[in-house]
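A quick write-up on the structure given underneath.
Bear in mind these aren't lab numbers, they're just calculated from the coordinates by the rules spelled out. Every value quoted in this text rests on a predicted model; they were computed, and no experiment measured them. Ideal geometry is used to build each Cβ from the backbone, glycine not excepted, and the neighbour counts take in all protein chains shown.
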Amino acid sequence: MIYELIALCFRLLGLIPKKQGDRIGSLLGRLFFAADVKHRDIAMRNLSYAMNTPPEETRAIAMRVFENLGKVLFEMAWSLNLDERQLHRHFRIEGFSHIRDAYKKGKGVLALTAHFGNWELLTVIAAMTGYPLSIVYRPLDFRPMDQFVIDFRTRFLGKLIPKQKSMRRVLRSLRDGDMVALLMDQNVDWYDGVFVDFFGHRACTNKGMALLALKTGAPVVPVFLIREESGFKGVYLPEIPLTQTNDKTKDVEVNTEKYNRAIESVIRQYPDQWFWVHRRWKTRPYQPWPRE
């Protein structure tokens, strides 16, 4: 019953025209910016730490970050009324040749992405390209909402792979020639990641994509969904060359840092469309106590 109520709410929100939904989403974002002191402070500290922007600019970007998050909700609801014939009216793709060439290698594709723009609509881009997509995700604790998100993300024939114990299913998907998307922009605990550069600071970054690329040889192609005035632009960037030597530990670090650089390059172009409210640099490198 709760699931049906959630779905009904989204269907009703989806009746609002997109332009009006964007305006309402921006307003809600500004209200949350004023009310949610905790996440506002996190966003502003992150921006100052990473971008070294002056206080006035930091606050302005942080405000637009909250506006972006407000729009995400209404865009999800709006997209429920779209069918595959309507997608090209609102979405366009750049760099399609990069994903096409990666598929030709016959090893599946690892799609590097982030909580950027409206990441919840990335499955639309996959539907437009015609390539099968699997997304590694962390299930939500609230089961009715988790089921709604599953149905939302798989409505264009995408598949979801729960993050916990996902390696076997990811390998199977790659063997089947699928594209597997991993969101690689969030902090992880030290045992799940490696400390590599991100905006000039050491950030504990998930090492899973580097391990998969080294194990399978699957090409890594960055993909991001960028919000524009007229709709959305899905961008496929060139494949990231794999560094592979006899030093596996070093290879994981080098390749993971390349993935961070790809994400950083897009964030620098559109800083207000990234998820700055997350404590990206929370996990710190181990610092031994100095000897007396």
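Couplings 3J(HN,Hα) of region 38-49, computed from phi: 4, 6, 4, 5, 4, 4, 5, 5, 4, 5, 5, 5 Hz, in residue order, whole Hz [Karplus 6.51 cos²θ - 1.76 cosθ + 1.60, θ = phi - 60°; x for Gly and Pro]. Karplus-based coupling profile of region 92-107, in residue order and whole Hz: 9, 10, 10, x, 4, 4, 5, 6, 4, 5, 5, 5, 5, 6, x, 10, with θ = phi - 60° in 6.51 cos²θ - 1.76 cosθ + 1.60 and x standing for Gly or Pro. Backbone geometry of region 116-122 corresponds, through the Karplus equation with coefficients 6.51, -1.76 and 1.60 at θ = phi - 60°, to 3J(HN,Hα) couplings of 9, x, 10, 5, 5, 9, 4 Hz, x marking Gly and Pro.
Under 5 Å from the amide H of Trp274 lie the amide H atoms of Gly117, each residue being 5 or more positions distant or on a separate chain, with H modelled from the backbone and absent for Pro and chain starts. Among 104-115, 181-192, the peptide with the highest mean count of other Cβ atoms within 10 Å heads the list, and the full ranking is 104-115, 181-192.
A Förster distance of 22 Å, applied to the separation of the beta-carbon atoms of Tyr49 and Trp190, puts the FRET efficiency at 0.70. Distance between the 7 Å Cα→Cβ label points at Arg168 and Lys19: 5.3 nm. Each residue, Thr249 and Asp83, gets one label point 7 Å from its Cα in the Cβ direction; the gap between the two is 5.7 nm.
Close amide-amide hydrogen proximity is noted between Phe198 and Ala203, each under 5 Å apart and 5 or more residues distant or on a separate chain (H modeled in the peptide plane; Pro and chain starts excluded).
Counted by Cβ distance under 12 Å from Asp176, the other residues give a net charge of +4, where Lys and Arg count +1 and Asp and Glu count -1. Here, region 121-203 is characterised by an Rg to Rh ratio of 1.02, where Rg is the alpha-carbon radius of gyration and Rh the Kirkwood radius.
Tell me, Arg143, Arg280, Arg85 in order of fewest to most beta-carbon neighbours within 10 Å?
Sorted ascending by nearby Cβ count, the order is Arg85, Arg143, Arg280.
Would you work out if region 66-165 is rounded, prolate or oblate? Take a ≥ b ≥ c from the square roots of the eigenvalues of the alpha-carbon gyration tensor; rounded if a/c is under 1.5, else prolate when a/b is larger than b/c, oblate otherwise. The shape class here is oblate. Here Asp176 and Glu56 are evaluated by their C-beta separation; at R0 = 41 Å the FRET efficiency comes out at 0.20. The modelled label-to-label distance between Leu140 and Lys107, using points 7 Å beyond Cα along the C-beta direction, is 3.6 nm. Annotation: amide H-H contacts under 5 Å for Ser134 (H modelled 1.01 Å from N, sequence separation of 5 or more, or interchain): Lys159, Met179, Val180, Ala181.
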